[in-house]
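All remarks here apply to the structure that follows.
The values are calculated or read from the model by the stated rules, or taken from the named source; none is laboratory data. These numbers come from a predicted model, not from an experiment. Glycine gets a Cβ as well: all are built from the backbone with ideal geometry, and neighbour counts include every protein chain shown.
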Amino acid sequence: MRGGAAGVDAIAIIPARGGSKGLPRKNVRPLCGKPLIAWTIEAAREARHVGRVVVSTDDPEIAAVSRAVGAEIVWRPEPLAGDEVSSEAVLEHALAELGIRRGALAFLQCTAPLTLPEDIDGTLTLLAKADTAFTATPWHGFPWRQASCGSESNPALHSLVPVGHSAAVRPRRQERGGLYLEVGAVYAMDVAGFLRARHRFFGRVRAHLIPKERSIEIDDAVDFLLAEALLRRRLQGEKAGRLPRPLAALVMDFDGVLTDNRVWVDQEGREAVACHRGDGWALARLKEAGVSLLVLTQESNPAVLHRCRKLGLPCIAARGDKLPALRDWLSQRGIDPRTTAYVGNDAPDVPCMLFSGCGIAPADAAPCAQQAAQIVLDAAGGRGCIRELAELVELAGVGRGAGAAHHR
């Protein structure tokens, strides 16, 4: 890297003030199970070229959340906490507080939560041939600007002129190559050059291109909804990618997986449980995909057998540890444990989860089961967790043609 940054891990600085106006408290607003800022901090901590992650803030809650996910804190004074203060001023203050005047700087914005570690590394790597770099995405729009005064509340009264194109010529999309839209996710710069120039673009400038789906920046509630949908889709894809390829068998506990782990007892001592109809539909889909199914339980309640019989599921009631029963069932069918997924919710399931190719836990599983799982589902036991798993199998395409072709 140029300007003395070669071979030195970059410092990542994430400005995050508490007084957001467009979307109040957005920097700590939950997004797919985590505060917004946590996504950027985690991406920075996973980046190969980042050695230190710092959050500049004036807000105690943001500071607490940031520390909890591994960031250092630089407290921002009140004069730098307003919405008219430039990001450059905040960066200068943080660098001064940290005593840093050389090296590489990654300026990250937590309003771009879809940023990946490779986006940060890719932008920093460009400093080998540039003084500053930023994330951008290919763009084919037609911007216009106001040419005369009118009502600010009614753009229809303005006279507009085209910017960067002719109003008389409308080129096709493929003819408008070479245009890029700046994405405020990552800005990389040589620290010494930045402190001299006092702005983020100086010297030779390069862009690291990212796909459109990672270019969302959150300014308002609509942006937040779009980011949430895109991030959830990515997370589902990551979960699906952990499933065995191929998936030959799915083994599951009954209580806490096909039920919500509660039991009703009437005055005659008869027990009843609640199941999710969506799980029944999903199990039929998994059968169609060629996945061998088994319920492995330690429960002797007749309700278990009745439900399994209705769903057409084989059921084994293990006496004691479940793992020997699982080994025998797989061996009898010639199924490789590496092509098996096991869904469990508590300590008796952990050995089976670790033995199988992929351990899976419902959202409300005991901590020990979640720790043993490669996939923790969003749905709770008895609340559609198998329905969710079936969607992951379909997304990954790992169940099609399973069954005999996937046996050893």
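When the residues of segment 136-187 are filtered to those that are of a type in the set (Val, Ile, Thr) and out of contact with any helix residue (DSSP H, G or I) (no Cβ under 6 Å at 6 or more places or on another chain), which remaining residue is modelled with the highest pLDDT? Checking each candidate, the answer is 183.
Is it true that residue 283 is surrounded by 19 or more Cβ atoms within 10 Å (Cβ to Cβ), assigned by TED's automatic domain parsing to the domain that holds residue 379 and not charged (D, E, K, R)? In short, yes.
The number of residues in segment 318-334 being in contact with a Cys (Cβ under 7 Å, 6 or more places away or on another chain), assigned to a loop (DSSP other than H, G, I, E, B) and more than 13 Å from residue 252 (Cβ to Cβ) comes to 0.
Could you tell me how many of the residues in segment 259-303 are in a strand (DSSP E or B) and either of a type outside the set (Asp, Glu) or under 24 Å from residue 324 (Cα atoms) (or both)?
In the first step, residues of segment 259-303 are kept if they are in a strand (DSSP E or B); the result is 259, 264-265, 271-272, 275, 292-297.
With the extra rule that they be either of a type outside the set (Asp, Glu) or under 24 Å from residue 324 (Cα atoms) (or both), the set shrinks to 259, 264-265, 272, 275, 292-297.
Here the count works out to 11.
Within segment 314-353, restricting attention to residues that are touching a residue at least 12 places away in the same chain (Cβ under 8 Å) and among the acidic types (Asp, Glu), which residue is nearest to residue 382 (Cα to Cα)? The qualifying residue nearest to residue 382 (Cα to Cα) is 346.
Of all residues in segment 247-282, how many are under 19 Å from residue 335 (Cα atoms) and aliphatic (A, V, I, L, M)? Let's see the steps before the verdict.
Quick first cut of segment 247-282, residues under 19 Å from residue 335 (Cα atoms) only: 247-253.
Those still in the list that are aliphatic (A, V, I, L, M) too: 247-252.
Of the residues in that region, 6 qualify.
Just one of 301, 345 is under 27 Å from the mean Cα position of the chain (by Cα) and polar (S, T, N, Q); which is it? It is 345.
Of all residues in segment 21-32, which are farther than 24 Å from residue 84 by Cα and without any contact (Cβ under 8 Å) to a residue 12 or more places away in the chain? Steps first, please.
Of all residues in segment 21-32, those farther than 24 Å from residue 84 by Cα come to 30-32.
Hit for segment 21-32 is 30, nothing else.
The set of residues from segment 188-200 being hydrophobic (A, V, I, L, M, F, W, C) and in contact with a helix residue (DSSP H, G or I) (Cβ under 6 Å, 6 or more places away or on another chain) comprises just one member, 188. Taking each residue of segment 210-229 that is assigned by TED's automatic domain parsing to the domain that holds residue 184 and looking for partners that are of a type in the set (Gly, Ala, Ser) and assigned to a helix (DSSP H, G or I) with beta-carbon atoms closer than 7 Å, six or more apart or interchain, yields 216/227; 218/227.
Looking at segment 349-362, is at least one residue within 21 Å of residue 281 (Cβ to Cβ) and assigned by TED's automatic domain parsing to the domain that holds residue 319? Checked against the condition, which is being within 21 Å of residue 281 (Cβ to Cβ) and assigned by TED's automatic domain parsing to the domain that holds residue 319, segment 349-362 yields at least one hit.
Residue under question is residue 23, and the condition is that it be surrounded by 15 or more Cβ atoms within 10 Å (Cβ to Cβ) and under 24 Å from residue 10 (Cβ atoms); does it hold?
Values: surrounded by 15 or more Cβ atoms within 10 Å (Cβ to Cβ): yes; under 24 Å from residue 10 (Cβ atoms): no.
In short, no.
Kindly indicate whether residue 48 is of a type in the set (Lys, Arg), in a strand (DSSP E or B) and over 26 Å from residue 18 (Cβ atoms). Working first, answer last.
Details: of a type in the set (Lys, Arg): yes; in a strand (DSSP E or B): no; over 26 Å from residue 18 (Cβ atoms): yes.
So residue 48 does not fit the description; no.
Within the span defined as segment 310-317, one or more residues are within 18 Å of residue 384 (Cβ to Cβ), touching a Leu at 6+ places or on another chain (Cβ under 9 Å) and either among the polar types (S, T, N, Q) or part of a loop (DSSP other than H, G, I, E, B) (or both). For segment 76-112, filtered to residues that are assigned to a loop (DSSP other than H, G, I, E, B) and either charged (D, E, K, R) or not assigned by TED's automatic domain parsing to the domain that holds residue 223 (or both), the residue that is surrounded by the fewest Cβ atoms within 10 Å (Cβ to Cβ) is 84.
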